[in-house]
Structures are given as structure tokens and as C-alpha cells.
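Reading through the C-alpha cells given below for one structure.
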Amino acid sequence: MAKGVLGLIMCPMLEDELVYALSKDSDIGRIVVLENEYCGSIKRKLDSRGVKYDTVPEKDFDGGKVEFDRDIFNIVIKANNLALHAEPPLLKEHLTLQVISMQAHADVIGMYYGICGNHGWDISAWARENSLKPVFVFRGDDGEVCDDCVAVAIGGSSNYRRFIKRYTGIFFLTPAIAGNWQDFIMAGDSAKGLSNIPDETLEALGIHGQEDFMRWLFEVGHYEFLLKMNTGLEPGMDFDGEAERIGKALNLKPIEIEDGWLTLNTAESLYRNCKEAMPQ
């Protein structure tokens, strides 16, 4: 049986996959959520699934002030700011530093992240090359690191390339995007674009906020549809209702994803790989 400390560094866009894995694992002895300004959502979702956890200040864990029973299987969750994915170089630097800082406290590290704009980046290979603790990332059946949360939901980057060809010019909506909608729209490239447009131009276009701006971008790009990608990982969410609301705000018609695209294999394999690498 696994023992020691598994450190999990998490983007809110992939917290559903993490909560799903933890809710299924009866071998876990202790779960610790590091208390910071970004951990509220993961705590609510753990609560909704009846998953027990402790909280400790993030600075205490980083400073080595938190003790663990190394004879049981411990999970430590570090949640990050969703906005990081809007700046790929900053995201890469931030996560690299977090992996380094976690070396003294965890036996294995799992990254609940995609590449998110950092083409060719494989932080697990970087960790091996620098003789660090094992680091695992989301990989599809093809072995490639997943591009982002959509690639995770459909089984990897090679599937993603086929997926984009099948659903060209369509906005993809997962439960995580719907559940983090306000943070999501404020963290993307469109938020930066909006800040660069003069107020008089925005007024002339009828743009009074981020949703207005996104709707205008989709209209300019001739987007017509919103693709509902219900992974089933947020059972308490009225996903269809959220899709209708967001679709109305963006002037996009919600449509159902075809059978055969969505899978949990990628999410399950990341957690399984992390656990199998733990001391036994």
C-alpha cells in the first residue's frame, strides 16, 4: 500500500478530476488542503463528495512546519490562481518554482495542469533531468502531455487535434469552465484585449463588460455554437442550465457533444501513476 506524501499542484479548471480520484480512493490516510485565497472551490467540492480533509496555512507547509505520518498515504493539495493560464511563460515559471519548493516535503508530485500555451513543455522530463522527485502530468493514450483541460476530457492531444477539426469555430464548455465562469472570462486573452480598447470604441460597440466583449469576438469570428462537454464530474451542477445561461450571454446555441469523445481515462491514469510511484 502507498505511503508517504503525494503533493498535488492544481489549477481550478482541473479540480473536478482531482476530487473524482480522491473520492474513489479508500487507501488515503489524510488529505491536507493548503489554505490560500484560491482553495475555496476545491474545499466546497470535497465537502460535496463527503471527502474529509484538514487545512493548514500554505506558508507553514512550504516552511516545513507541517508534520506527516509517513507510514500512511497522505495527500497535499496546493491550489493556484486560475489567471495563471493567461500568461504561459509566467505559468511555467510559477509551477517550476512550486515543484522545486515541494521537493523537501513530498515523495511524488502530480500536476493537475496542461501545457496551457507552453508548447513542448514536459515538466516531468525536466524533473528527471534535474534529479528531482518524480513528477507526473496528464498524458493521453499517445503518451503526449495534454494541451489543456479540454484535451484531458477527451483523452489526449492527438484526439484534441481530431476534435478541433470536427468542431471548428465552436466554443467548448466543460463543467469546470461553467463553474468558474467569472474567473475564466477575466483570466483569458480576451480580458487583456478588452483593456487595450479605448472607452469610446467600447461604447460605440455596445461593450460594457467582459461577456459583451467575448460575445462581440465570437460574432466577428462567426461562431454560432457552444459545445456542451458534460464530463459528469460535477454531479451537483445544473450543467444544461449553465450552458443555456452562458450561451445566451454569448449569443451561442448550445449543442451536445457526440458520443465517444469524453473519457475519464486520462484523469484516472494521472492519479494512478502518482500513487504507484509512492513508497510502498
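The values are calculated or read from the model by the stated rules, or taken from the named source; none is laboratory data. Values in this document were obtained by computation on a predicted structure and should not be read as measured data. Here the Cβ positions follow ideal geometry from the backbone for every residue, glycine too, while neighbour counts run over all protein chains shown.
Check every one of the helices (runs of 4 or more DSSP H) wholly within the stretch 190-275 and list those with 3 or more residues that are at pLDDT 90 or above and surrounded by 12 or more Cβ atoms within 10 Å (Cβ to Cβ).
Correct list: 239-250.
Criterion first (out of contact with any Ser or Thr (no Cβ under 7 Å at 6 or more places or on another chain), more than 30 Å from Ile123 (Cα to Cα) and not charged (D, E, K, R)) does Ala243 satisfy it?
Judged against the criteria, Ala243 is a match.
Please find, within the stretch 20-62, the residue that is farthest from Ile177 (Cα to Cα) out of those that are among the polar types (S, T, N, Q) and in contact (Cβ under 8 Å) with a residue 60 or more places away in the chain.
Per the stated criteria, the residue is Ser48.
Residues that are surrounded by fewer than 18 Cβ atoms within 10 Å (Cβ to Cβ) and at pLDDT below 95: find the strands (runs of 3 or more DSSP E) completely inside the stretch 71-183 holding 2 or more of those.
Correct list: empty, since no element meets the threshold.
Mind listing just one residue for me: the one in the stretch 143-168 that is small (Gly, Ala, Ser) and out of contact with any Gly (no Cβ under 7 Å at 6 or more places or on another chain) and, of those, nearest to Met229 (Cα to Cα)?
Ala153
Quick test for you: out of Gly179, Gly114, pick the one residue that is under 13 Å from the mean Cα position of the chain (by Cα), under 16 Å from Glu15 (Cα atoms) and not assigned by TED's automatic domain parsing to the domain that holds Glu93.
Every option except Gly179 fails the conditions.
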